[in-house]
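The values are calculated or read from the model by the stated rules, or taken from the named source; none is laboratory data. Note that this is a predicted model, so its numbers are computed, not measured. Positions of Cβ are generated from backbone atoms using ideal geometry, with glycine treated the same way; all protein chains shown enter the neighbour counts.
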């Protein structure tokens, strides 16, 4: 809302210093965004919050200033020279739908000469960002800027039978509005009609056929009050937003209707000539008195932490238009004025007092929450996990969760959640896999010549619940959702993306291309933060991964992580020229496991001996088989073991591959003799022999 | 004379005519064997195949039937030894053979003993370096070369800021709470006193989602973290001290200061006798912690449907200290968050009696805080996953 300082000064004696005025207004909640000099005037640009329609006018801003500076508020005069002809003989007004129109006032001005507005009016309107049209239309806009009440002027001779009926539109009724659009109306939309047809869209825009033109001689001025919700619904539906609808949907001042009407009629008579017919038509079926609100000193103290303000109630509230009567020593009965639809409860009154007193003058106190013995294990787990990720070289990314559903489908069979009004096709669904965003992130950096990348993301994937009952009365059903219920299945995942080599080439190290086991190792490290027993691995055939190069970890039947090489056909679609390794770790499942316990176990003080066994292993025997066999031995002397080298099948002997197994022998009780080590070794070898494993000669 | 030469001669030829000399000879052989074994362990085999090869060579050198050192000793020392020395030579020879068997046995049955003691190969290497015997001066490397790095990863700047903010409130005993991102219109708007019929609803440019079986415009991508206020009140009741970090979504065309997805932090305190004074004091504490102890706060009236009274909080400009500069557009102040006393209607919707309890709440953009903290000028950078950006944090 633009405010002219000159116009404002007609309502109140504002301070000469416009900067001070701006900062004072802002301090009391009338937020002045900018101040700029224009010719002999200053224009204040005010951001008016949606609860304060009263401030969408010079009068409203002046009222705030008057209350703050303790000045009187002056209303503009309306000098009405009425003729002897009665307005009610010239036009008839009826409200058919009183639920949507609580008041309709009208005046008739006869014998006008429509033409350009005088300079002063044009300049003032233009300074406020309003285009000048003609003297009659300009007056209605000027009164709107002054008083905040929307007005409309009809060419009375275009109103059939000179009858105005405020009613809901007939389904399919047509109306050509002033913006040149022919509109087809719906039954719940309010119109101003004459005896035969709709002539205006109530509270939003007039109709073309009754528009003021240069040939107009008789003007019917309308000043009414329309129900905010109805105006809002109609304007939204029709995609229209006008100065009038903007104010009506926020709530116009029903008592301002006749005042603004008189002001405009007087100005039209002054600027366009003509005579004002006698009397104002005022159909007011919806008169309601506002309920008084009790305001207690105790509530002021409870909400603001200070009782000092109680003394301000009796000065401030009346200055803002409230009616205040004292109730006992520490309470008041307060009736809000008609222009303050936002004030309906005690706490609203507390705010009125507080904002004029100044928030910065209110007390301040630091209060902590009561201490709690509860531990936030989720936080501890997440911070250990991310510490691990950072330590092994992963960078966190936060890619958008919105994706192209087609792209999403390349990675998962789970449907994504569709967005009804997306900004673009590329962001028209909430992803059901974290992979598309991860691959896009990798691709983006590869395109920029960065070849060694390790990314992680902790984010959600979204999919509709599989059996959301189609019949359950949707919006009511959704409204009754309790806190624990969610509308869609949202799962937290940790996504990993890895590509390139083990490091950049340098004088010290020769980098090596990353492979499946680099990824698997990272995942083992991360899962190792938790105590997951038993943890099982299996190979995996899944949509985004290259067959034979994907696997997953499970606890029972619950998958904790799935990972593998991005399918090369998919990589080609992203024009990736190097292999990409991806993983999704399911955090909701993982976080249910406790962190790896920290329990000290005494270690052996006796020396250990390590032995390497060069094994010939039949092709079909996996390391997991060997592993299980050795674990099955349960020999105390075998403290640890692991594969240190593997030569592929066929190289040594057909049908076999060679594996060098390193075993550590140690006892907690004594130094093992070489015979004991040999015994344990023999037992190990003969157990492995059951799998067809032989020692290499 | 080295060992190879010695074992080709008889004891007599070597002048070993008493027990002392014989034992010294055997000790020399044992020492050589041990040294070679050690050499193998600490030696620089490039890989296990090479090490294996070396093992086999060692075994062959000592244990081969033909031309092995031990069989040569048998042949040249034991067999032709004089009778009076025979028992002694025989005993020494047996000991040697047993020791030598280590090489054999280890290779074929007990695995290759790679670390008889607990020193790693590298440690063993170091140990030999410090021995004066092998004190060949090491060719001095260029120590000014950069070290061999193992690069650390990094947390996203927004995560870092979120953690810092969370940490400040955790210090005050607040708990962290989260909520769903796909939210009902009820929790996102209606319960927060933002009915469809009120223009305030338009302050949130909303992305709606389609769910099977639900009407149009019934579910949204949450436009703020505030629905968690209601969810948490329902779940925990009062008293309640919460901090809610999370992603939110707006139907906003992306530019340098707007993103379709961004992060908010919501705070909520509900207790008996919570007043505007607590709001001011707590937020003042927060900004002093976050921006520095010299930071001042300014509260101005504002409007949010879910708080009453509502305020906009500004902090004294961190760049100029309040004197006025480009950062604060010469005003000395920068607005960073909205806050206010929880509206009684909202408490009621959360199942909390507004006559007994009162509360205060705040909400702000974490991205904006990260932009301020790190001097980032374009919010889009946070969501583009560009390493050139990420590696700076």
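Taken over segment B:205-216, the criterion of being touching a residue at least 40 places away in the same chain (Cβ under 8 Å) and buried (at least 17 other Cβ atoms within 10 Å of the Cβ) is satisfied by B:206, B:207.
Within segment B:217-238, being at pLDDT 95 or above, in a loop (DSSP other than H, G, I, E, B) and either crowded, with 23+ Cβ neighbours inside 10 Å or touching a strand residue (DSSP E or B) at 6+ places or on another chain (Cβ under 7 Å) (or both) holds for B:222, B:223, B:224, B:225, B:226. Could you tell me whether residue A:616 is touching a helix residue (DSSP H, G or I) at 6+ places or on another chain (Cβ under 9 Å), within 14 Å of another protein chain (Cβ to nearest Cβ), surrounded by 12 or more Cβ atoms within 10 Å (Cβ to Cβ) and not in a helix (DSSP H, G or I)? Taking the combined requirement at face value, the residue does not satisfy it.
Residue-level check: of (1) within 24 Å of residue A:232 (Cα to Cα); (2) within 37 Å of the chain's Cα centre (by Cα); (3) at pLDDT 95 or above, residue B:252 misses just (3). Screening residue A:426 on (1) under 21 Å from residue A:542 (Cβ atoms); (2) more than 10 Å from every other protein chain (Cβ to nearest Cβ) shows it passes everything except condition (1). Scanning segment A:490-511 for any residue that is more than 7 Å from chain B (Cβ to nearest Cβ), under 22 Å from residue B:220 (Cβ atoms), at pLDDT 95 or above and touching a strand residue (DSSP E or B) at 6+ places or on another chain (Cβ under 7 Å) turns up at least one such residue.
Select, from A:522, A:555, the only residue that is touching a helix residue (DSSP H, G or I) at 6+ places or on another chain (Cβ under 9 Å), in the same structural domain as residue A:395 (by TED's automatic domain parsing), at pLDDT 95 or above and surrounded by fewer than 19 Cβ atoms within 10 Å (Cβ to Cβ). Even if it seems obvious, please write down each step before you answer.
On the way: A:522 fails: surrounded by fewer than 19 Cβ atoms within 10 Å (Cβ to Cβ).
Just one listed residue meets the conditions, A:555.
With the requirement that a residue be assigned to a loop (DSSP other than H, G, I, E, B) and either within 22 Å of residue B:269 (Cα to Cα) or more than 7 Å from every other protein chain (Cβ to nearest Cβ) (or both), what does segment B:199-216 give you? So that I can check it myself, show each step before the final result.
Quick first cut of segment B:199-216, residues assigned to a loop (DSSP other than H, G, I, E, B) only: B:204-207, B:211-216.
Result: B:204, B:205, B:206.
Return the residues of segment A:338-363 that are surrounded by fewer than 19 Cβ atoms within 10 Å (Cβ to Cβ), facing another protein chain (nearest Cβ under 7 Å) and part of a loop (DSSP other than H, G, I, E, B); say none if nothing qualifies. Once the filter is applied, which keeps residues that are surrounded by fewer than 19 Cβ atoms within 10 Å (Cβ to Cβ), facing another protein chain (nearest Cβ under 7 Å) and part of a loop (DSSP other than H, G, I, E, B), segment A:338-363 yields A:345, A:363. Counting residues in segment A:656-664 that are assigned to a strand (DSSP E or B), within 14 Å of another protein chain (Cβ to nearest Cβ) and loosely packed, with under 14 Cβ neighbours inside 10 Å gives zero.
Taking the condition buried (at least 19 other Cβ atoms within 10 Å of the Cβ) and more than 9 Å from chain A (Cβ to nearest Cβ), does residue B:320 pass? Let's see the steps before the verdict.
Values: buried (at least 19 other Cβ atoms within 10 Å of the Cβ): no; more than 9 Å from chain A (Cβ to nearest Cβ): yes.
No, not satisfied.
When segment B:86-102 is limited to residues that are without any contact (Cβ under 8 Å) to a residue 40 or more places away in the chain and in contact with a helix residue (DSSP H, G or I) (Cβ under 7 Å, 6 or more places away or on another chain), the one that is nearest to the other protein chains (Cβ to nearest Cβ) turns out to be B:97.
With the condition kept exactly as written, say whether any residue in segment A:589-600 is in a helix (DSSP H, G or I) and either modelled with pLDDT of 90 or more or touching a strand residue (DSSP E or B) at 6+ places or on another chain (Cβ under 7 Å) (or both). Yes, there is a match, as at least one residue in segment A:589-600 is in a helix (DSSP H, G or I) and either modelled with pLDDT of 90 or more or touching a strand residue (DSSP E or B) at 6+ places or on another chain (Cβ under 7 Å) (or both).
Conditions tested, residue by residue: (1) in a loop (DSSP other than H, G, I, E, B); (2) on the phi < 0 side of the Ramachandran plot; (3) surrounded by fewer than 19 Cβ atoms within 10 Å (Cβ to Cβ).
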{"position": "A:29", "(1), (2), (3)": "yes, no, no"}
{"position": "A:44", "(1), (2), (3)": "no, yes, no"}
{"position": "A:49", "(1), (2), (3)": "yes, yes, no"}
{"position": "A:59", "(1), (2), (3)": "no, yes, no"}
{"position": "A:62", "(1), (2), (3)": "no, yes, no"}
{"position": "A:65", "(1), (2), (3)": "no, yes, no"}
{"position": "A:72", "(1), (2), (3)": "yes, yes, yes"}
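When residues in segment B:361-383 are screened for being within 10 Å of chain A (Cβ to nearest Cβ) and in contact with a helix residue (DSSP H, G or I) (Cβ under 7 Å, 6 or more places away or on another chain), 2 of them pass.
Picking from residues in segment B:159-193 that are assigned to a loop (DSSP other than H, G, I, E, B) and buried (at least 22 other Cβ atoms within 10 Å of the Cβ), the one that is farthest from the other protein chains (Cβ to nearest Cβ) is B:189.
Picking from residues in segment A:379-417 that are out of contact with any strand residue (DSSP E or B) (no Cβ under 8 Å at 6 or more places or on another chain) and outside any loop (DSSP other than H, G, I, E, B), the one that is nearest to the other protein chains (Cβ to nearest Cβ) is A:391. Residue check, residue B:306 against (1) crowded, with 22+ Cβ neighbours inside 10 Å; (2) facing chain A (nearest Cβ under 10 Å), all met but one. Which one? Against the list (1) crowded, with 22+ Cβ neighbours inside 10 Å; (2) facing chain A (nearest Cβ under 10 Å), residue B:306 comes up short only on (2).
Filter segment B:339-361 down to residues that are assigned to a strand (DSSP E or B) and over 30 Å from residue B:376 (Cβ atoms), then give me how many there are.
Of all residues in segment B:339-361, those assigned to a strand (DSSP E or B) come to B:339-342, B:358-361.
Now drop any that are not over 30 Å from residue B:376 (Cβ atoms), which leaves B:341-342, B:358-359.
Counting residues in segment B:339-361 that are assigned to a strand (DSSP E or B) and over 30 Å from residue B:376 (Cβ atoms) gives 4.
One residue alone among B:315, B:287, B:327, B:265 is surrounded by fewer than 18 Cβ atoms within 10 Å (Cβ to Cβ) and either at the interface with another protein chain (Cβ under 10 Å from one of its Cβ atoms) or in contact with a strand residue (DSSP E or B) (Cβ under 9 Å, 6 or more places away or on another chain) (or both), and that residue is B:327. Strands (runs of 3 or more DSSP E) fully within segment B:255-338 that include at least 2 residues being closer than 23 Å to residue B:238 by Cα: B:261-271, B:307-316. Taking segment A:665-687 as the range and being buried (at least 19 other Cβ atoms within 10 Å of the Cβ) and at the interface with another protein chain (Cβ under 8 Å from one of its Cβ atoms) as the test, the residues that pass are A:677, A:681.
Please determine whether any residue of segment A:214-232 is within 14 Å of another protein chain (Cβ to nearest Cβ), touching a strand residue (DSSP E or B) at 6+ places or on another chain (Cβ under 6 Å) and over 21 Å from residue A:136 (Cα atoms). I'd like the intermediate steps shown before the answer.
Applying the first criterion (within 14 Å of another protein chain (Cβ to nearest Cβ)) to segment A:214-232 yields A:226-232.
From what is left, the residues that are touching a strand residue (DSSP E or B) at 6+ places or on another chain (Cβ under 6 Å) are A:226, A:230.
Checking the rest, the ones that are also over 21 Å from residue A:136 (Cα atoms) come to A:226, A:230.
Yes, segment A:214-232 contains at least one residue that is within 14 Å of another protein chain (Cβ to nearest Cβ), touching a strand residue (DSSP E or B) at 6+ places or on another chain (Cβ under 6 Å) and over 21 Å from residue A:136 (Cα atoms).
Here the condition is being in contact with a strand residue (DSSP E or B) (Cβ under 9 Å, 6 or more places away or on another chain), at pLDDT 95 or above and assigned by TED's automatic domain parsing to the domain that holds residue A:214; of A:133, A:95, it holds for A:95 alone.
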